[in-house]
Amino acid sequence: MLEPQTRPIPHGHGVHPFPHRHLTGIFGLQPWEITFLLDEAEQWIALNRASAAKHDNRLAGLTLINAFFENSTRTLLSFEIAGKRLGADVVNMAVAQSSVSKGETLIDTAVTLNAMRADVIVIRHDASGAVQLIADKVDCPVLNAGDGRHEHPTQALLDALTIRRRKGQIAGLKIAICGDVLHSRVARSNILALTALAADVRVIAPPTLMPAAIERMGVTPFTDFDAGLDGADVVMMLRLQRERMAGGFVPSPREYHALYGLTPERLARAAPDAIVMHPGPMNRGVEIDSVVADDVKRSAITEQVEMGVAVRMACLDVLTRAQRGVEGWA
Ligand code: ASP
């Protein structure tokens, strides 16, 4: 069993609970650092639900650049709303991904972003490792909004927050992450976060979409969907990422659905109160049936989107504390 989430957050003696300049991934975070970000996010949920003013201006005067080199709807919008609710000046730079080579172009990008004197930069890029490369070159905190197949840390945090709120805890839960694990940064970040928080994580994928040696990440792999779902408390579906597939990883969407699509019959194998999750965008009728996705009792999918704003507010706040001179962080 890995470190349980109940371990106290170290305070005092000059140690603050999130001693990282950037958030480029879940990798390298301690369980209590993850829990700290989830706890911080809780405070924003009520503000986001307020029917009147939804502002807290603690980032007033700071400039947030959302630099998205890969398409995004919900993540870009979520970071934009999070930044605006905290009072930052938000600038979105949506650059259609070209076939640029990495190296020099990325470094040029970093230099350009740095010259704009942003106070915090959120980056999405289709190359794994691109965000870290830029983070190493700029003077302000950088948040990874998804880099290639590598990581999508705020997605994992919002998923963990959703699970914790629905189930009351994460430690000991049976969580099945299902589908195109091979191409999924969401799966990777979630595996890192949920195993750190002591969940019992299973990954379910066709053999062609199962990363080699995945059990080294502390999960149990299944290629049989029904067997992997048995008694699961959380069923997290992944999008079939056809844009990342060069060649025939799956015979056809129809056949994929027959073997790996989440139907009500399949869901019946999970725990009776199991919740269903999906990071979006969904391929309805491929990895998930509409009747499951839209089942208000089981589906936590819209709650995931809601928690996304709270988690991103927490991350923007925490990462800018040092430069804002917040006591104990500067
Ligand atoms: N929106 C998520 C991501 O950016 C999941 C997906 O695209 O399938 O990785």
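The values are calculated or read from the model by the stated rules, or taken from the named source; none is laboratory data. Everything quoted here is computed from the prediction, not taken from an experiment. No Cβ is skipped: glycine too gets one built from the backbone with ideal geometry, and neighbour counts run over all protein chains shown.
Which residue pairs have Cβ atoms under 9 Å apart, sit 6 or more places apart or on different chains, and have a first residue in the range 258-281 that is over 16 Å from Gly228 (Cβ atoms) and among the aromatic types (Phe, Trp, Tyr) and a second that is away from the ligand (no atom under 16 Å from the Cβ) and assigned to a loop (DSSP other than H, G, I, E, B)?
Close Cβ pairs (under 9 Å, with a partner that is away from the ligand (no atom under 16 Å from the Cβ) and assigned to a loop (DSSP other than H, G, I, E, B)) do not exist here.
When the residues of the range 174-184 are filtered to those that are out of contact with any helix residue (DSSP H, G or I) (no Cβ under 6 Å at 6 or more places or on another chain) and either hydrophobic (A, V, I, L, M, F, W, C) or farther than 14 Å from Pro279 by Cα (or both), which remaining residue is farthest from the ligand (Cβ to nearest atom)?
Lys174
Quick check on this structure: which one of Ile45, Ile9 is β-branched (Val, Ile, Thr), at pLDDT 95 or above and either surrounded by 13 or more Cβ atoms within 10 Å (Cβ to Cβ) or in a helix (DSSP H, G or I) (or both)?
Just a single option satisfies the conditions, and that option is Ile45.
Starting from the range 135-162, take each residue that is closer than 14 Å to Thr109 by Cβ and list its partners that are of a type outside the set (A, V, I, L, M, F, W, C) and within 14 Å of the ligand (Cβ to nearest atom), counting only C-beta distances under 6 angstrom and pairs at least six apart or across chains.
Cβ pairs passing all conditions: Asp147/His125; Asp147/Ser128.
Consider Met313 carefully, then state whether it is modelled with pLDDT of 95 or more and among the hydrophobic types (A, V, I, L, M, F, W, C).
yes
Do you know which of the residues in the range 282-295 that are without any contact (Cβ under 8 Å) to a residue 60 or more places away in the chain and in a loop (DSSP other than H, G, I, E, B) is farthest from the ligand (Cβ to nearest atom)?
Step one: list which residues in the range 282-295 are without any contact (Cβ under 8 Å) to a residue 60 or more places away in the chain, which gives 282-286, 288-295.
Okay, now just the ones that are also in a loop (DSSP other than H, G, I, E, B), so 282-283, 285-286, 289, 294-295.
Details: Met282: 9, Asn283: 9, Gly285: 16, Val286: 12, Asp289: 17, Asp294: 18, Asp295: 20 Å.
The selected residue is Asp295.
Among the listed residues Arg321, Arg298, Arg216, Arg266, which satisfies the condition of being over 23 Å from the mean Cα position of the chain (by Cα) and either buried (at least 22 other Cβ atoms within 10 Å of the Cβ) or more than 16 Å from the ligand (Cβ to nearest atom) (or both)?
Going through Arg321, Arg298, Arg216, Arg266 in turn, just one is over 23 Å from the mean Cα position of the chain (by Cα) and either buried (at least 22 other Cβ atoms within 10 Å of the Cβ) or more than 16 Å from the ligand (Cβ to nearest atom) (or both): Arg266.
I'm trying to understand the selection: among the residues of the range 191-213, which are over 17 Å from the mean Cα position of the chain (by Cα), among the β-branched types (Val, Ile, Thr) and buried (at least 19 other Cβ atoms within 10 Å of the Cβ)?
The answer is Ile204, and nothing else.
Any residue in the range 212-223 that is of a type in the set (Asp, Glu) and within 30 Å of Ile45 (Cα to Cα)?
There is no residue in the range 212-223 that is of a type in the set (Asp, Glu) and within 30 Å of Ile45 (Cα to Cα).
From the set of residues in the range 225-254 that are within 15 Å of the ligand (Cβ to nearest atom) and in contact (Cβ under 8 Å) with a residue 60 or more places away in the chain, which is nearest to Ala176 (Cα to Cα)?
By that ranking, first place goes to Met236.
Can you tell me which residue among Leu133, Leu59 is away from the ligand (no atom under 16 Å from the Cβ) and either within 18 Å of Arg149 (Cα to Cα) or in contact with a His (Cβ under 8 Å, 6 or more places away or on another chain) (or both)?
Criteria check complete, one pass: Leu133.
Could you look through the range 137-148, keep only residues that are at pLDDT 95 or above and of a type in the set (D, E, K, R), and pick out the one that is nearest to the ligand (Cβ to nearest atom)?
Within the range 137-148, the match that is nearest to the ligand (Cβ to nearest atom) is Asp147.
Test of understanding: among Ala187, Ala193, Ala160, Ala156, which residue is in contact with a Ser or Thr (Cβ under 7 Å, 6 or more places away or on another chain), within 16 Å of the ligand (Cβ to nearest atom) and either within 24 Å of Pro31 (Cα to Cα) or at pLDDT 95 or above (or both)?
Ala156
Looking only at residues in the range 272-281 that are more than 12 Å from the ligand (Cβ to nearest atom) and assigned to a loop (DSSP other than H, G, I, E, B), which one is surrounded by the most Cβ atoms within 10 Å (Cβ to Cβ)?
Within the range 272-281, the match that is surrounded by the most Cβ atoms within 10 Å (Cβ to Cβ) is Ala274.
Say whether the condition of being closer than 30 Å to Asn57 by Cα and touching a Ser or Thr at 6+ places or on another chain (Cβ under 7 Å) is met by at least one residue in the range 283-296.
no
Does His257 satisfy the criteria of being buried (at least 19 other Cβ atoms within 10 Å of the Cβ) and more than 15 Å from the ligand (Cβ to nearest atom)? Let's see the steps before the verdict.
Numbers: buried (at least 19 other Cβ atoms within 10 Å of the Cβ): yes; more than 15 Å from the ligand (Cβ to nearest atom): yes.
Yes.
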